[in-house]
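First up is the structure itself, then whatever we jot down about it.
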Amino acid sequence: MIQMTAEAAEATRTEPVVQMSGVSVSFPGVKALQSVGLTLRAGEVHALMGENGAGKSTLIKALTGVYSIDEGTIIVGGEPRTFHSPAESQAAGISTVYQEVNLCTNLTVAENMLLGREPRSFGRIDTRAMNRRAGETLTRLGLDIDPKSQLGTHPIAIQQLVAIARAVDIDAELLILDEPTSSLDADEVAKLFEVMRTLRAEGVAIVFVSHFLEQVFAISDRMTVLRNGQFVGEYLTAETTQLQLVQAMIGRELETLDKIEQAAEEHTVKTQGAPLLEVLDLGRKGSVESVDLQVFEGEVIGIAGLLGSGRTELARLLFGADTPDRGDMRMRSKGTKLRTPRQAIDHKIAFSSENRRSEGVIADLSIADNMVLAMQASRGWLRPIPARTKDRLVKKYIEALDIRPTDPNALMRNLSGGNQQKVLLARWLITEPELLILDEPTRGIDIGAKAQIQQLVADLAKDGMSVVFISAELEEVLRLSDRLVVMRDRRKIDERANEDVTVSDVLEIIAGEVRNDA
Amino acid sequence: MSAQAPTIKDLGSSLPDAIRRFTPPPRFYPVLATIALFIGMFGAGSIRYEGFSSPQTILSVLVDNSFLIVLAVGMTFVILTGGIDLSVGSVVALSTMIAASTLRSGWSAPLVIVTVLLTGSVLGLLMGLVIHYFEIQPFIVTLAGMFLARGLCYVISLESIPIKNGTFTSFASGTIEIGDYFITPSVVVALVVLVIAAVVLHMTRFGRTVYAVGGSEQSALLMGLAVAGTKVGVYVISGFCSALAGLLFSIYTLSGYNLGAVGMELDAIAAVVIGGTLLTGGSGLVLGSAVGVLVLGLIQSFISFDGTLSSWWTKITIGVLLLAFVLIQRLFTRRTT
Ligand SMILES: Nc1ncnc2c1ncn2[C@@H]1O[C@H](COP(=O)(O)OP(=O)(O)OP(=O)(O)O)[C@@H](O)[C@H]1O
Ligand SMILES: [Mg+2]
């Protein structure tokens, strides 16, 4: 560790790999970046920090040639450069994982990893060599994924890992990772960090964006903070506290952190009367084995489990997004088989999916239209929502979730990743469901907004709404839920009231099961 | 003894088991469905009509549709990227007109062939450039291309022009014997085009980029792939294939006719879809498109063998088939995503 820091200090003295200064980027009506600087050094992990919409992704895209800059200079390897396309920056040794998984789901894992760089013999793509090489890189990352499988058959977290594997496989001088860990579990994050450390030791410069402060402090050497498209400062991680960082990011005093603490409320036992939803022996082949579950009114059920434990699959079954092939579901003691999302919506169940890119966001519609979509669908298309009601609701949720820009007519495609996520959440909250299923609702959301969303969920539950809450972030699950369901290997292995349960307790439950099996 | 028993059993069951256990990758399913359909139709025809069961029936379908195979191959490239090319029928007609008129003015056959192929490719290039750089819907741009090419036919001549050039006529009357059966040189050209296309699509970076663009253009761009070149490239290929199909068509009909090949773009699209290529792009095989053409051709054979059916039945059957295949694709994609 000491050696590492010394190396990093050594690298500081040498010439930066990339130096951006005075960079401004504007979109019609928005100044996304105003005179921002970023200096990246070899053998250093540089965290790019800021709230949702601060301009992190824009700065990255300005560097890699996705966006063109209005003013400023970009110096790469000592020479001023302007890239006109991602292909050019890639050729110059910059390898990037963009915020949303940007791969082709119709191709195989190996093809996605090596597209554009396929090994060839006699001018023809050597598929065998390609699969072998992809397999090697995946193994190096500690991933057990079949390189020949189609990418689209894997869950979003695996796709994110494949995107990382693709970037790592390129022999780059600069590796940019824009929120690579947003849907990963602790295990995968640890593996990723291992790889990042190795690359850093080899002298690669790395840019890392994340809203998880612990991760940033664990891996980065230096941080640049942005706020509202402006440069706030550059800090050495070792000399900065979490508090200082948060203040730099939000530009205000402590209140946000206080809010997070407040959200950690007492959990009351609410299991009286008849359950709102009762599930018996629910399952689907290859997805979830027989699960029993009761959800009471006003209760928050947290589902914990590692990646691939079946937590998302269970949510999809509850909503009818996948059709169960066994078991019974009762909503308010009426036997219901949910075969389609439509039926679930009729039973006042709402589901915010983890896969916002392909299942949620309608990029070419406005914030307002995206928000009222589910509500309109549940009313039927022949009964339009009165304009007044629509305006009122949209305004309410833009405020409640602090969505930026605040203009309801802004196009969804122009929102930052975190703000898109907030709009999707609002889409389901607006329908005022009796049961709200949230799959990774705070993915990619900054800590301030995360606290707000957690608060909102807690308030809604107090008003009588039942919530099923799924998140890779165990702390968050524990903070919010009244009862905890632990999943492993596509089975429910534990259920208990959330009284003084800690993260390590949950990990032990999951690990304990492993030991029993062995 | 007991130790040997399983070995013997294994031997006895291994082969059929291996066959039973062999599952092709899902991307082959639609093509396999098309092939099964083709075999089924051929079987039904053989039972129903005398003489249908002869291999020559299939070879004749090839002979009569070689130009359509070439056309469908070019169309497959475009559709794989998520685009569409409505101009191909008109470009076929234009190619026959250019060939016929230049041959009449005494140009040599090789020069004519090069001119026609160049014209088609350049038309494709122009459409591709407009589609990519001005971000205009391929539907609109190629629709304009369709009118343009058809209009140019009339500029060249208002009447049909016969082709009397020796090279062309001998190519037209040439046959290649395979045992008791025969095909024409055009069939060989079509099959060569098919093989080259398959190799390009599956074994070159260009080909893989075609699929990537069809899967997600945005992702392909961010992955640093040559999206612009690929998108323009598929229209050049489609233009080239249309011109080549036009040459084959002019040999088939031995004339240039400005009203020829009307609606042929729709036949090509139908063949591609029946062959299992998704209209939204990213999934499909050229082999499927070729089988799709054979299916369309076989329907025609049914009609001619029957003799009592009106040729409108061709259109009706194609319509029903197209619908059935799109429905199958729908079910198929719903299950895999
Ligand atoms: N194509 C675009 N057109 C218009 N505005 C845009 C566009 N892309 C981004 N913006 C705006 O620029 C600002 C910065 O967005 P950016 O995506 O860089 O934020 P970010 O820091 O990455 O946030 P997050 O943490 O949510 O990912 C936002 O206000 C966003 O709405
Ligand atoms: Mg971002």
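Every number in this text was worked out from the coordinates using simple rules, so none of it is lab data. All figures in this text were calculated on a predicted structure; none of them were measured in a lab. Cβ sites come from the backbone with ideal geometry, for glycine too, and all protein chains shown count toward neighbours.
With 10 Å bins beginning at zero, the pair-distance distribution over Cα atoms of the stretch A:360-432 amounts to 22, 59, 19, 0 %. Volume of the convex hull of the stretch B:150-289 (Cα atoms only), normalised per residue: 142 Å³. Amide H contacts of A:ILE125 (H built 1.01 Å from N, in plane; Pro and chain starts excluded): B:THR204 sit under 5 Å, all sequence-distant by 5 or more or on other chains. Where does the Debye-calculated log10 I(q)/I(0) of the protein assembly as shown sit at q = 0.09, 0.11 Å⁻¹, using only Cα point scatterers of equal weight, no solvent? For the protein assembly as shown at q = 0.09, 0.11 Å⁻¹, log10 I(q)/I(0) is -1.02, -1.31.
Other residues with beta-carbon under 12 Å from the beta-carbon of A:GLY380 carry, at +1 per Lys or Arg and -1 per Asp or Glu, a net charge of +2. Between A:LEU59, A:LEU141, A:ILE367, whose Cα lies farthest towards the positive end of the dipole of chain A when Lys and Arg beta carbons carry +1 and Asp and Glu beta carbons carry -1, centred on the Cα centre? Positive-end residue among those listed: A:ILE367. Grouping the Cα pair distances of chain B into 10 Å bins from zero gives a pair-distance distribution of 6, 24, 31, 23, 10, 4, 2, 1, 0 percent in increasing distance order. Applying a DSSP loop filter and a limit of 11 other Cβ atoms within 10 Å to the GluC sites (Glu not before Pro) in the stretch A:80-114 leaves nothing. Counting Cβ atoms of other protein chains within 10 Å of each residue's Cβ and taking the mean over peptide B:206-214 gives 3. With distances taken between every two different alpha-carbon atoms, the stretch A:64-127 has a Kirkwood hydrodynamic radius of 14.1 Å. Computed from Cα positions, the angle between helix A:503-517 and the longest principal axis of chain A comes to roughly 80 degrees. Taken about its Cα centre, chain A carries a charge dipole of roughly 1880 debye when the Cβ of each Lys and Arg holds +1 and the Cβ of each Asp and Glu holds -1.
Counting every pair of alpha carbons in the stretch A:431-496, the share spaced more than 18 Å apart comes to 37 percent. Only one residue of A:GLY152, B:PRO55, A:GLY116 has its Cα farthest out toward the positive end of the dipole of the protein assembly as shown, where Lys and Arg carry +1 and Asp and Glu -1 on Cβ, and that residue is B:PRO55. Placing unit charges on the Cβ atoms of the charged side chains and taking the dipole of the protein assembly as shown about its Cα centre, the candidate lying farthest along the positive direction among A:LEU429, B:SER170, B:GLY74 is B:SER170.
Helix A:186-201 axis versus longest C-alpha principal axis of chain A: approximately 0°, rounded to the nearest ten. Among the chymotrypsin sites (Phe, Trp or Tyr not before Pro) within the stretch B:100-206, those in coil by DSSP and having at most 13 neighbouring Cβ atoms inside 10 Å are B:PHE134. Applying the Karplus relation 6.51 cos²θ - 1.76 cosθ + 1.60 with θ = phi - 60° to the stretch B:49-56 yields 3J(HN,Hα) values of 10, 5, x, 5, 5, 5, x, 4 Hz, where x marks Gly and Pro.
For the stretch A:63-173, the extents of the C-alpha atoms along the principal axes are 45, 35, 24 Å, listed from largest to smallest.
Expressed as a fraction of 2.2 N^0.38 Å, the rule-of-thumb size for a compact globular protein of N residues, what is the C-alpha radius of gyration of the stretch A:12-79? Taking the Cα Rg and dividing by 2.2 N^0.38 Å, one obtains 1.12. With springs only between Cα atoms under 10 Å apart, run a GNM on chain B and tell me which of B:VAL234, B:VAL262, B:VAL116 wobbles the most. Highest fluctuation of the listed residues: B:VAL262. Straight-line reach from A:LYS148: which lysines have a Cα under 30 Å away, not including same-chain ones fewer than 8 places off? Those lysines meeting the cut-off are A:LYS191, A:LYS285, B:LYS231.
Charge dipole of the stretch B:28-336 (Cα centre as origin; +1 on each Lys and Arg Cβ, -1 on each Asp and Glu Cβ, all else neutral): 500 debye, rounded to the nearest 20. Each other residue within a Cβ distance under 15 Å of A:GLU239 adds +1 if Lys or Arg and -1 if Asp or Glu, for a net charge of -2. Taking GluC sites (Glu not before Pro) as exposed when DSSP calls them loop and at most 13 other C-beta atoms lie within 10 angstrom, chain B has its longest site-free stretch at B:160-337.
Eigen-decomposition of the gyration tensor built on the alpha-carbon atoms of the stretch A:398-518 gives equivalent ellipsoid semi-axes of 31, 16, 12 angstrom, largest listed first.
The helix-based estimate of mean residue ellipticity at 222 nm for chain B, built from -39,500 (n - 2.57) per DSSP H run of four or more residues and divided by its residue count, is -25500 deg cm²/dmol to the nearest 500.
Measuring between their Cα centroids, the stretch A:466-513 and the stretch A:189-249 lie 29 Å from each other. Other residues with beta-carbon under 10 Å from the beta-carbon of A:SER95 carry, at +1 per Lys or Arg and -1 per Asp or Glu, a net charge of -2.
Along chain A, the longest continuous region that contains none of the trypsin sites (Lys or Arg not before Pro) in a DSSP loop with at most 14 other C-beta atoms within 10 Å is A:1-251. The value of relative contact order for chain A, using C-alpha pairs under 8 Å at least six residues apart, is 15 percent. Per-residue ellipticity at 222 nm computed for chain A from its helices equals -11500 deg cm²/dmol, with DSSP H segments shorter than 4 residues left out and the rest contributing -39,500 (n - 2.57).
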